[in-house]
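Note sheet for the following structure.
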Amino acid sequence: MASTRSEPHGQNQPLPAWVVAADGGRPEGRACAHAKDLPADPGTPLQVCGQCRTRGWTWTRLRWCSTCGHVGCCDSSPGRHAYDHHARTGHPVVLSLAPDEAWAWCYTDEVFLLRGR
């Protein structure tokens, strides 16, 4: 169970599901207004980029929109459909669906989010 409280975490309070990742190239205090609303786990979303599949393209990695569940390909893929979805809809956060990645990206606040530990 994730805490949505804003006070500091004590011994008896669970950590939030998502926290802003440290970034040495950016000033301290970066925040994400959307992290508290993210699911701990996206479940089992579609494992294809539908827009790439329609065009006969391949993709590199998949991203899952935390607002509506749209699955699109990453920025390293030819279509960049996850970013395109954000640009068209304004939906702020995507989660990586790669099995070796456990992060989210907030386009709006420009921060990586990691699962709380």
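The values are calculated or read from the model by the stated rules, or taken from the named source; none is laboratory data. What you are looking at is a predicted structure, and each value in this text was computed from that prediction instead of being measured. Here Cβ is always computed from backbone atoms with ideal geometry, including for glycine, and neighbour counts include all displayed protein chains. The area values use the complete protein model at the heavy-atom level, side chains included, leaving out ligands, DNA and RNA. Shrake-Rupley method; radii C 1.70, N 1.55, O 1.52, S 1.80 Å.
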Original post:
Between ALA22 and ASP41, how many nm apart are label points set 7 Å from Cα along the C-beta direction?
Top reply: 2.8 nm
Subject >> Heavy-atom SASA rank of VAL93, VAL20 (probe 1.4 Å, accessible area, largest first) >> reply: VAL20, VAL93
Subject >> Sites LEU114 and ARG53 - FRET efficiency at Förster radius 30 Å, r taken between beta-carbons, to 0.05 >> reply: 0.50
Original post:
On full extension of the chain, what length is gained from ARG61 through ASP84, given 0.36 nm per residue of separation minus the C-alpha to C-alpha distance?
Top reply: 6.8 nm
**OP:** Please give the per residue accessible area of the stretch 41-117, computed with a probe of 1.4 Å over protein heavy atoms only, in Å².
**Re:** 54 Å²
**OP:** Report ³J(HN,Hα) in whole Hz for each residue of the stretch 78-95, in order, from the Karplus equation J = 6.51 cos²θ - 1.76 cosθ + 1.60 where θ = phi - 60°; Gly and Pro get x.
**Re:** x, x, 6, 6, 5, 5, 4, 4, 4, 4, 7, 9, x, 4, x, 10, 10, 10
Original post:
How large is ³J(HN,Hα), in whole Hz, for each residue of the stretch 55-63 in order, when computed from phi with the Karplus curve 6.51 cos²θ - 1.76 cosθ + 1.60 and θ = phi - 60°, using x for Gly and Pro?
Top reply: 8, x, 8, 10, 10, 8, 9, 10, 10
